[in-house]
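Only one structure is covered here, and it is reproduced in the block below.
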Amino acid sequence: MTLREFFRKNPCGALALSGGVDSAYLLYEGLRERAGLRPYFVKTPFQPQIELEDARRLCGQAGVELVVVELDILDDEAVTANSLDRCYYCKRRMFSLLRERAAADGFSLLLDGTNASDDGGDRPGMRALAELEVRSPLRECGLTKKRIRELSRQAGLFTWNKPSYACLATRVPAGQAITGKDLERVERGETLLSGLGFWDFRLRLTRSGAKLQVREDQFSLALERRESILSALEADFSEITLDLRSRTPID
């Protein structure tokens, strides 16, 4: 099945737009096929502001309205306990709310940007999507992340080479309770590091501070800007380390 065939069979629906590569391309293709798609962004403390800004930019360029749905996910103890199944409880909560909002707006079909490269075997969140009957057209049509990036580049989407992003909760070690304060300082730190030229990196909490994970081609940048990194992060983290194992993004 192709995306054209999918949208001919499903001419309207609500789309969970994250601001990332996959859902951005799905929105583009849906609108190109004249499908009646309405994009929704679920804003929780797990999503940094830059993701919302990118989602708004995408919708502005596409000429469609973005619906922002607020959710305080930190009031859910099953999520903040940060077990290995955290993503299941989080996705279940987010998409249940989104389904309710979409239904109130007249949409029975709910879509997301899961692609054919995503391995459902080790992603509890995908179990929640299946239970809530969320459709994933990119996955159903066999489109991998690599192919989506290429098609996005051809389409002129600014997201085509955007790094894969995992929510801020992934920066907190499993088993350690997630707090709003920790999420805020991680987001603040990653924003400052982006300003120093780092790209496709992670700032992860440790017991005594934070660990910076960068790609191999940015190790030299980390050393060159050591003092700037310390200056940017020392107000929030008592200890700052550099992971000597290079970060390998999963695409």
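Computed from the coordinates by the stated procedures, all read-outs in this text should not be read as laboratory data. What you see is a predicted model; the values in this text were computed from it and never measured. For neighbour counting, all protein chains shown are included, and Cβ atoms are generated from backbone atoms with ideal geometry for every residue, glycine included.
Quick notes on this structure:
- The range 73-93 - residue that is surrounded by 20 or more Cβ atoms within 10 Å (Cβ to Cβ) and touching a Phe, Trp or Tyr at 6+ places or on another chain (Cβ under 9 Å) and, of those, nearest to Thr144 (Cα to Cα): Cys90
- Some residue of the range 201-208 being surrounded by 16 or more Cβ atoms within 10 Å (Cβ to Cβ), on the phi < 0 side of the Ramachandran plot and β-branched (Val, Ile, Thr): no
- Residues in the range 178-197 that are closer than 20 Å to Glu239 by Cβ and either of a type in the set (D, E, K, R) or more than 18 Å from the chain's Cα centre (by Cα) (or both): Thr179, Lys181, Asp182, Glu184, Arg185, Glu187, Arg188, Glu190, Leu192, Leu193, Leu196.
- Any hit, the range 155-163, residues being free of Cβ contacts under 8 Å to residues at least 60 places away in the same chain and over 22 Å from Ala232 (Cα atoms): yes
- Residue ranges of helices (runs of 4 or more DSSP H) in the range 31-129 with at least 3 members of a type outside the set (Val, Ile, Thr): 49-62, 86-104
- Of all residues in the range 45-67 being under 18 Å from Arg188 (Cβ atoms) and among the polar types (S, T, N, Q), the one that is surrounded by the fewest Cβ atoms within 10 Å (Cβ to Cβ): Gln49
- Flag if Gly197 is free of Cβ contacts under 8 Å to residues at least 40 places away in the same chain and on the phi > 0 side of the Ramachandran plot: yes
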